[in-house]
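Heads up: the structure comes next, in C-alpha cells.
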Amino acid sequence: MVQLENQAIPKHTKMGARQIYEALKDQILSHVYEAGGLLPSSRNLSNELGVSRTTVTVAYEQLSVEGFVDLRQGARPRVAALPFGLRPSDATPKQRSAHRLSAYGERLRATPPWLDYLPNSLMVDFRYGDLSPSDFPALAWKKAVNAVIAQRPSRLAYDDPRGSRRLRQAMQGYLWRARTLQCDLEQIIIVNGSQQGLDLCARLLLGSGSEFVIENPGYRMARQIFASTGASPLPIAVDGEGLKTELLEGVRARLAYVTPSHQFPLGGVMPISRRHQLLEWAQENDAYVIEDDYDSEYRYDISPVPPLHSLEAGSNVIYLGTISKTLSPMMRIGYLVVPPELQDVFATAKQLFDRHSPVTEQEALASLIESGGYESHVRRVRRLNRDRRETLLSALQRAFGEQITVEGADAGLHVLVWFNELPKSVETALVETARSASIGVYCISPLYEPQPDETTADRLGLVMGYSALTPRQIERGVQLLLAAVETLKSQF
C-alpha cells in the first residue's frame, strides 16, 4: 500500500486528485520512491484509497507532465530521474541572501514606505489631499464617459504618448482662460497624475551627482522622487511669501522645484519680485524650474498671480498641473507644459514608460472642458471649499483663540495651525491622543528636511486639510482636537 504519511490528511478522508498528486510528489522528492522505482498501478491505488480510478489517473498524468513520473501503456508508473537539489514542498527552504538591486532600487529600499493611503475608520480626518465624494460631478462624468464609449473608434491601437489631441486642445484653451498661460499644443504632455510628471522630470533632468533646489518645508514625495535618481537636495528655506529666493545667490543646481501659487505646506504666495528673481537665477545657471500649480484653482482672499510660465514665455519653466484637487485624486490625470526643446524627449520617455495614459478618461475630460462643465464644477467646489475653510477658521478661533496662529488660509485646501503653547516634542503624543479619540491630525515636522531651525523648532504645527469634510464634521473635529490638546496639557 502506498504511504501518504507526509500529508496532514486523516486516514479515512477521501482524497482528491490534487491531494494524491501532492503526496506522491513529496514522497518522490524525499526519496521514499527512488528514481526508477515503480509506483502502484492506478487500479490498485484507487482501491487502496477508496477513490475512483479516474482520480488517480489525473494525479499520475499531472506528475508525468511535470516530469516526475514516466507513464507507459500497460505498465506501472515509474519514477523518473530527477535533477539534483529538488526538495519537498514542505521542507524548510534554504535561507537566501537579499537580491541585489540597482542603485535606484537600493535608494528606494532605503526610503520609508508610504502608509497614508491605507483606509481608516476615523470619525474626522483632517488629512490633506482628500476630496469629498459628494463634490464629484458624477452625472456629468458618467454622461461624458458613456458618450466616449458609444463612439466606436475606427481602430483599437496605441495612441499619441503625449496624450489625446482632443484633451490637449481643450487643456490649451483652459490654461489660457484659467491661468493666462499660452503654449503650443506639442508642449502639453498628459501624464498619470502629477507624480508621473515629477518622475519624468527627475529621470530626464537629474542623475547621480547632480543637485536640485527644493523648498524647506516642502512636498516630501517630490523630494524623494528627485533624490531617487541619485541627485542631492539643496533645501532652501520658505517664509510667508514662498521660497526665499535671495538664498539662491551662489547656488548651482540642475533644477528647482517650487509651489509658487500656494506654497506647500506654509501656504504663502510668491510675489512677483521673487518670481523674477527665481527666473533670473534659472537663466544664469541654465537650470529648469518645475512650477507645481497643484491647487491654483482655489483662491479666496487674493487676486490671481500669473504663473512663472507666463512671465518668461516658459523658456526655463516646466509647468505641472493636475485634476486631483478638482475632480478626484483617484483618476490619475495630470499634465506638463514643457519648453519646446524638451517636448520630443518627454514624449519619447512617456512612450517608453507606459505608451500613453488611458484614452477613455482623457476623452471624457476633454468633453467636460469643451462643454464648460469642468469650469462650472470648479466654481462650485471653490464655493463649497470656501465655506469649509470659513467653518474651520471660525471653529479654531472659538476653540483656541490666542493659543494658535493660522497661516496659509488665503488659498488652497489646507491651513497650517501653529500651537503657540505646545512644544514640538509632544507632537507624537498629540497625534496619538487625537487618534484615540477618532480624529486624524498631521504634523508639519516630517515635511522639513533638514528639521526646523530655531525659529520654529519649539512650536508644534499641524497641516489641516478640510476639503473632504462637511461643516458638521469640521466643527466636531475641532472640538475633539481641543479635548486632545487639553488632555495632553494636563500631563505636563
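The values are calculated or read from the model by the stated rules, or taken from the named source; none is laboratory data. None of the values given here were measured: they were computed from a predicted structure. Virtual Cβ from ideal backbone geometry, glycine too; neighbours counted across all protein chains shown. Only protein heavy atoms, including side chains, enter the accessible area calculation; ligands, DNA and RNA are left aside. Shrake-Rupley method; radii C 1.70, N 1.55, O 1.52, S 1.80 Å.
Criterion applied to Ser436, Ser376 was being surrounded by fewer than 18 Cβ atoms within 10 Å (Cβ to Cβ), more than 24 Å from the chain's Cα centre (by Cα), of a type outside the set (D, E, K, R) and within 20 Å of Pro137 (Cβ to Cβ), and the one residue passing it is Ser376. Scanning the range 266-289 for residues that are without any contact (Cβ under 8 Å) to a residue 40 or more places away in the chain, farther than 20 Å from Ala409 by Cβ, of a type in the set (Phe, Trp, Tyr) and open to solvent by less than 50 Å² (accessible area, probe 1.4 Å) turns up at least one hit.
Scanning the range 236-262 for residues that are open to solvent by 50 Å² or more (accessible area, probe 1.4 Å) and not basic (Lys, Arg), which turns out nearest to Ser310 (Cα to Cα)? Filtering first and then ranking leaves Glu241. Scanning the range 406-416 for residues that are at negative phi and assigned to a loop (DSSP other than H, G, I, E, B) yields a total of 3.
One line per residue, one yes/no per condition, for (1) open to solvent by less than 30 Å² (accessible area, probe 1.4 Å); (2) at pLDDT 95 or above; (3) out of contact with any helix residue (DSSP H, G or I) (no Cβ under 8 Å at 6 or more places or on another chain):
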position: Val337; (1), (2), (3): yes, yes, no
position: Thr348; (1), (2), (3): no, yes, yes
position: Gly408; (1), (2), (3): yes, no, yes
position: Glu421; (1), (2), (3): no, no, no
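Can you confirm whether Ala395 is open to solvent by less than 40 Å² (accessible area, probe 1.4 Å) and under 30 Å from Asn146 (Cα atoms)? It is false that Ala395 is open to solvent by less than 40 Å² (accessible area, probe 1.4 Å) and under 30 Å from Asn146 (Cα atoms).
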